[in-house]
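The values are calculated or read from the model by the stated rules, or taken from the named source; none is laboratory data. Quantities reported herein were computed from a predicted structural model and do not represent experimental measurements. Note: ideal-geometry Cβ built from the backbone for every residue, glycine included; neighbour counts use all protein chains shown. Heads up: the accessible areas ignore ligands, DNA and RNA and are worked out on the full protein's heavy atoms, side chains in. Shrake-Rupley method; radii C 1.70, N 1.55, O 1.52, S 1.80 Å.
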Amino acid sequence: MSFTAPKGTFDLLPPDSETYLAVREAMARPLRLAGYGYVETPVFEETALFERGVGESTDVVTKEMYSFVTRGDDHVTLRPEGTAGVVRAAVQHRLYAGQLPVKLWYSGSFFRYERPQAGRYRHFSQVGAEALGVDDPALDAEIVALGSQAYADLGLRDVVLLLNSLGDATCRPVYRQRLQDFLRALDLDEETRRRVEINPLRVLDDKRPEVAAQVADAPLVADSLCDECRAHYDEVRRHLSAAGVTWQEAPRLVRGLDYYTRTTFEWQHAGLGAQSAVGGGGRYDGLSESIGGPAFPGVGWALGVDRTMLALRAEERELPTPTSCAVFAVPLGAAAKDRLLAVVNALRNKGIAADLAFGDRGLKGAMKAADRSGATIAVVAGQRDLDAGVVQVKDLRTGAQKPVAFDDVVEHIEKGLT
Ligand code: HAM
């Protein structure tokens, strides 16, 4: 019997795994420069947190949660997203009583029981950012700009930012009613009719042609915004323009999570087929209260690391990743191995990436391993070299080789590499 990774999951192996780390790093860098602090919350939370926070009518909560009852009878769920947990932590630790805004970023694994397909997995990776405690449109613009910066830093050219406002507790209910009135008059199937009653905004997102055609003339939330929301949205756009961020207005953009208010946005990539959203987010001014916290507004996003990898591949972008090996040591015989292990350790202590041909292969096999390692220098030694107190230093790019005194070899390599 043998095992494979569970359906909808995959293993991340070198060299792709290096690119993954580089993507996460590129996403985090603009955040660190803007004063966001790193936060880690548990990978599982009480199930009720997501039911109340993400919303009981969302697909995420009704169909996609990995929920289970523990041996101690606790109802817990593997986190399907990060915002609810971060806000829970901020409320629990009374961060609202300190310096505002509270700026946090995170990176980790998330879980949704989805139908797997290209770009849609059951275990996936996000880098996220949340700015809490201040309702300032300049903060919405800051966080959006930081996400766009990450994609620019990754060298992606085909990422488009879509922007919308979903209104607030004053104007959204009015819009919801208008939209429901419109949708109830359409010829829709049973399930979609149910959705009209529970979560009508999601019907706007229905990709099936027969539904999409019918909702083409649906009222838009932009036409229902109250004065405060309109002014807020205008300010967000003014700040985005000032920051040099480009976007497309997306009056039909609705997001899959219930907590959003006002500013919502998504980054999409044209080269990814159906799963085109590489990242998304928005403002969520009522989330804290919905999970039992005080009034504590927030805005944030999460960028999908897996889909960003696919976007890089679609654009044939290679990210520079640190060379895993600069020097490769090839010992011929047990005594040479002892000496070269000492050289390898000395190089590593100087911060130079070095490796050795383990497993006592012959010269040919070991030199092949040296080539494959990506190293530019090989250090070769056999008994005759040891007797002469030297090792052979070979430049793997030119093939040039020369003996260097054993005591000088680390310094010699260090000079050659810098
Ligand atoms: P989301 O739009 O559900 O938002 O997810 C953000 C990103 O995570 C998506 O754009 C996508 O790239 C990636 N993603 C989501 N589901 C999957 C999946 N099954 N497989 C691969 N990638 C996936 C959120 O999660 C919100 N918490 C974002 C947020 C933060 N809003 C405010 N603050």
Open item on the list: For the stretch 167-177, give me the residue count where each residue is open to solvent by less than 10 Å² (accessible area, probe 1.4 Å) and assigned to a helix (DSSP H, G or I).
Closed with: 1
TODO: Go through the stretch 193-206 and count every residue that is within 27 Å of ARG262 (Cβ to Cβ) and assigned to a helix (DSSP H, G or I).
DONE: 8
Task: Selected residue (criterion: nearest to LEU156 (Cα to Cα)) from residues of the stretch 245-271 that are more than 14 Å from the ligand (Cβ to nearest atom) and not charged (D, E, K, R) - done: ALA270
- [ ] Kindly indicate which of ALA242, ALA277, ALA295 is within 27 Å of the chain's Cα centre (by Cα), open to solvent by 20 Å² or more (accessible area, probe 1.4 Å) and more than 16 Å from the ligand (Cβ to nearest atom).
- [x] ALA242
Task: Test for GLY304: is it out of contact with any Leu (no Cβ under 6 Å at 6 or more places or on another chain), within 10 Å of the ligand (Cβ to nearest atom), at positive phi and modelled with pLDDT of 95 or more - done: no
Task: Among the residues listed as ALA357, ALA346, the single one being without any contact (Cβ under 8 Å) to a residue 60 or more places away in the chain, of a type in the set (Gly, Ala, Ser), farther than 30 Å from LEU139 by Cβ and more than 14 Å from the ligand (Cβ to nearest atom) - done: ALA357
Open item on the list: Conditions first: (1) open to solvent by less than 30 Å² (accessible area, probe 1.4 Å); (2) modelled with pLDDT under 95; (3) among the polar types (S, T, N, Q). ASN164 passes all but one, so which condition is the exception?
Closed with: (2)
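Being open to solvent by 30 Å² or more (accessible area, probe 1.4 Å) and in a loop (DSSP other than H, G, I, E, B) is the filter here; which residues of the stretch 207-228 pass it?
Across the stretch 207-228, the qualifying residues are LYS207, ARG208, LEU220.
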- [ ] Tell me which residues, restricted to the stretch 353-373, are modelled with pLDDT of 95 or more and either surrounded by 14 or more Cβ atoms within 10 Å (Cβ to Cβ) or not assigned by TED's automatic domain parsing to the domain that holds ASP387 (or both).
- [x] ALA353, ALA354, ASP355, LEU356, ALA357
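Just the residues that are of a type in the set (Gly, Ala, Ser) and within 8 Å of the ligand (Cβ to nearest atom), please, taken from the stretch 101-124.
GLY119
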TODO: Please enumerate the residues belonging to the stretch 178-206 that are closer than 15 Å to ASP59 by Cα and open to solvent by less than 40 Å² (accessible area, probe 1.4 Å).
DONE: THR192, VAL196, ASN199, PRO200, LEU201, VAL203, LEU204, ASP206
